[in-house]
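The values are calculated or read from the model by the stated rules, or taken from the named source; none is laboratory data. No experiment lies behind these values; they were computed from the predicted model shown. Don't worry about glycine lacking a Cβ; one is built from the backbone with ideal geometry, like all the others, and counts go over all protein chains shown. All accessible areas refer to the heavy atoms of the entire protein, side chains included, with ligands and DNA or RNA removed. Shrake-Rupley method; radii C 1.70, N 1.55, O 1.52, S 1.80 Å.
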Amino acid sequence: MNLLAIETATEACSVALVHGDELIARSEIAPRRHTELVLPMADELLAEAGLGRHALDVIAVGRGPGAFTGVRLAVSLAQGMALALDVPVITISSLAALALEAPDDGDADSAILAVIDARMGEIYAASYRRDGAGGLLALDDERVCTADALMLPEARAWQVVGSGWATYQGVLRERLGMEPRRADGTRYPQAAHVAELAAREFKAGRALPPEQALPVYLRDKVALTLVEQGKA
C-alpha cells in the first residue's frame, strides 16, 4: 500500500507517506505558509521513496476541525489529487490525529483530551482512549465550545495535548478535576498520525470517493464582528 497523508488544519503543515511497512514524514510549524509548502513536501517524500504520484493507492487527509483556510486547503488538495489519480480518499479527524501525539502510557483506563485553540474564546475538543491495537476509541463527540463549558467523560487519569492547553490550562485543569498525568500545549495534529489511522481504515475498506471527502469545521462563523471585538 502506498498512502499519502496531508494535515494542515493548524499552524503545523505536514505530509506523510506510507510505503509498504515504512512511514516517512515532513512537518513544519509555518502559519500562513501551508500553500507554498505542502506540495513540495509531498514531492520530496515521493522522491525519497522512489515513487511517482501514479503509484499511490489512496490519499488521506486531516479533515479538521481547525483553521478554516487550513482545513479547506488540505481537503481540496486531497480531492484534487485523488480525482487526478483515480484513487479514493480517507478522511481522519484532526483531533484524533492530535490525540496520538500523547505517549502510550500502557494504562487502558486513562483518557486523552485533544484540544485545539479555536480562537474567538473557544476550543475544539474531543476525548479518546487507546484501543490497544494502535488506534483510538472516541469517548465523546468532537465539539467547539468555551473551555469553561467543556463537559468530559469519567476517566481515572488524563493526558492533554494541543494548543488549547497552552491557552486555557487553568480552566481545563478545573474541568478535568485532577492534575493531568501529562500535558503538552505545543503539540499539533501531524500527517504521520493521519497516515497511521488512515492505513487502518483503508485495510478495513472504508475509503471514500473523492467527492464524498468533506471537511469538518464544527462552526460556520470564523471571525468576530467589529461589535463583538469592541471596535464599534
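Being under 12 Å from A96 (Cβ atoms), touching a residue at least 24 places away in the same chain (Cβ under 8 Å) and either open to solvent by 10 Å² or more (accessible area, probe 1.4 Å) or in contact with a His (Cβ under 6 Å, 6 or more places away or on another chain) (or both) is the requirement here; does V216 meet it? Answer is yes for this residue.
Residues in segment 200-215: is at least one touching a Gly at 6+ places or on another chain (Cβ under 7 Å) and within 30 Å of L56 (Cα to Cα)? Yes; the residues of segment 200-215 include at least one that is touching a Gly at 6+ places or on another chain (Cβ under 7 Å) and within 30 Å of L56 (Cα to Cα). When restricted to residues that are over 14 Å from the mean Cα position of the chain (by Cα) and either aliphatic (A, V, I, L, M) or modelled with pLDDT of 95 or more (or both), segment 215-224 contains 3. Given the structure, is D184 open to solvent by 40 Å² or more (accessible area, probe 1.4 Å), at pLDDT below 95 and either of a type outside the set (F, W, Y) or within 29 Å of L73 (Cα to Cα) (or both)? Taking the combined requirement at face value, the residue does not satisfy it. None of T146, T91 is hydroxyl-bearing (S, T, Y), within 18 Å of Y168 (Cα to Cα) and at pLDDT 95 or above except T146.
Could you check, for segment 197-211, whether at least one of its residues is assigned to a loop (DSSP other than H, G, I, E, B), under 24 Å from L4 (Cβ atoms) and touching a Pro at 6+ places or on another chain (Cβ under 9 Å)? Yes.
If a residue must be in a strand (DSSP E or B) and either at positive phi or among the aromatic types (F, W, Y) (or both), how many such residues does segment 115-142 contain? Of the residues in that region, 3 qualify.
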